[in-house]
Amino acid sequence: MDLARDLGLAPSTAGIYVERLIDRGFLLETEETTGDAGRPPRILRTNPEGGEFIGVDFEARNIMAVAVDFSDRPLRNSHKLIEADETVEQVIAKIAEAIEEVLPGANRRNLAIGVGVPGIVDSGKGVAVHYKHIRKWDNVPLAKILSARFGVPVFLENNARSMALAELWFGQGKGQDDFLCIGIRSGIGAGMVLNGRVYSGAHHAAGELGRWRYLAVSVPAAPWFAPMTTNGDADGPELEEIASVRAVQRALHNAVAQGKKTVLAGGKSHFSVTDIVKACQQRDALTIRVVSESAGALGWAIGQLSLAVDPGKIVLSGPLTALGEVFLQPLRARVDRLLRLSGARSPEIVNSTMGEYSGALGAAALALHEWKPVLGGRGREAEAESQPAPKGRKTRFAKGKPSGKLT
């Protein structure tokens, strides 16, 4: 039996576990028709009706939640907005509301929840350590809080890494052993897949790309970026003060306030990504210049990171991908120039095709991947499924996505 061999178990032992999983409704069994003599092999597939998993992805402004079935098929989604002055407790309450809206009905069971959390996350302890864009977001025991509320295991991961998981299993990262997923939203994070595994670092802080200092000599010359520098620090502002969605919006607001000519002017105090896309489509010189400066700054960071880890592909995710080549072209040009000067090869750079729920889908896949059934009695399984993520858990994702088909 292929399954027994892959798991390093005796065929009889693997058979016992398979029968229990079939009995509990997690697996379906069919027989493959072949022309060979003898008993045809058993084909095992995950049962879409076996249960559901919920994924949540949030950052400073948005909470996205999605429910998937046991075969990773999306079923329902929810979107909540976070206001700038909301407290930690209010943000957690909105996360819970988003989860409530995608919970299965009475005839289906929710098995686990995965959460993509911005900033530094201790996945093993289930603690959101720090995120600068939500006030007082420090050492929040988010897994414990949500597990107590919903009675299932809750698994946390940095949201850029949950985006990388989504790309690894469903998107532009399929078949890639070494790639980066760069999430560009209120902040900027890099989910790094190295040798087929998601990398989190010794202190759970790998990929905090937005916190890199963009050296003062490289800061865009346009004066509307100047107010965004951090306390006049000689080492320059953080990258996310130049290249995030929030940075582009703020720079354009500053430029309009300084009287710069643009199609964006019109009494608005805030420009949406849709406004920015439309302005670029109209070839508005100011908007294209701001976008190009920001894209070039991000290209500088990606070029430096590429020299360190040599990825085969870079996947960009987040609202700015709607700008298409207006954002991609100056970014690629900066990366190519930096790597060419260093004698290195440029990675392929593409936009994600997974849409705004990519991080939530990755978080749901995380929950499915980490969840483990306990195959004793039903009471024991229910008890195990109500427990939070075990302390000290260190996530190690196997290469590729589980196929859902075992023989």
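Each reported figure results from applying straightforward, stated rules to the coordinates on display, with no laboratory input. Note that this is a predicted model, so its numbers are computed, not measured. Methodologically, a virtual Cβ is constructed for each residue, glycine included, from the backbone with ideal geometry; neighbour enumeration extends over all protein chains shown.
Length available on full extension from residue 258 to residue 197: 0.36 nm per residue minus the Cα-Cα distance, which gives 17.2 nm. Each of 287, 274, 353 was scored by other Cβ atoms within 10 Å of its Cβ. Arranged with the fewest first, they read 274, 353, 287. The number of Lys pairs in segment 174-351 with C-alpha atoms less than 22 Å apart, excluding pairs fewer than 8 positions apart on the same chain, is 5. Translational diffusion of segment 174-351 was estimated from the Stokes-Einstein equation, with Rh taken as the Kirkwood radius over Cα pairs; at 37 °C and 0.692 mPa s the coefficient is 197 µm²/s.
Near residue 207: Cβ cut-off under 13 Å, other residues only, Lys/Arg at +1 and Asp/Glu at -1. The net charge is -1. Each peptide in 97-104, 328-335 receives the mean, over its residues, of other Cβ atoms within 10 Å, and ordering these scores from highest gives 328-335, 97-104. Our coupling estimate for segment 130-146, obtained by passing each phi through the Karplus curve with A = 6.51, B = -1.76, C = 1.60 and θ = phi - 60°, is 6, 8, 6, 8, 10, 4, 6, 7, 9, 6, 8, x, 5, 4, 5, 4, 6 Hz, Gly and Pro reported as x. Residues whose amide H lies under 5 Å from that of residue 137, counting only those 5 or more places away or on a different chain, are 131; hydrogens are built 1.01 Å from N in the peptide plane. Charged neighbours of residue 256, selected by a Cβ distance under 12 Å, balance to +2 (K, R count +1; D, E count -1). Of the residues 43, 113, the one with the fewest other Cβ atoms within 10 Å heads the list, and the complete ranking is 43, 113. Taking Cβ atoms as reference points and 13 Å as the exclusive limit, the residues near residue 132 contribute a net charge of -2, counting Lys and Arg as +1 and Asp and Glu as -1.
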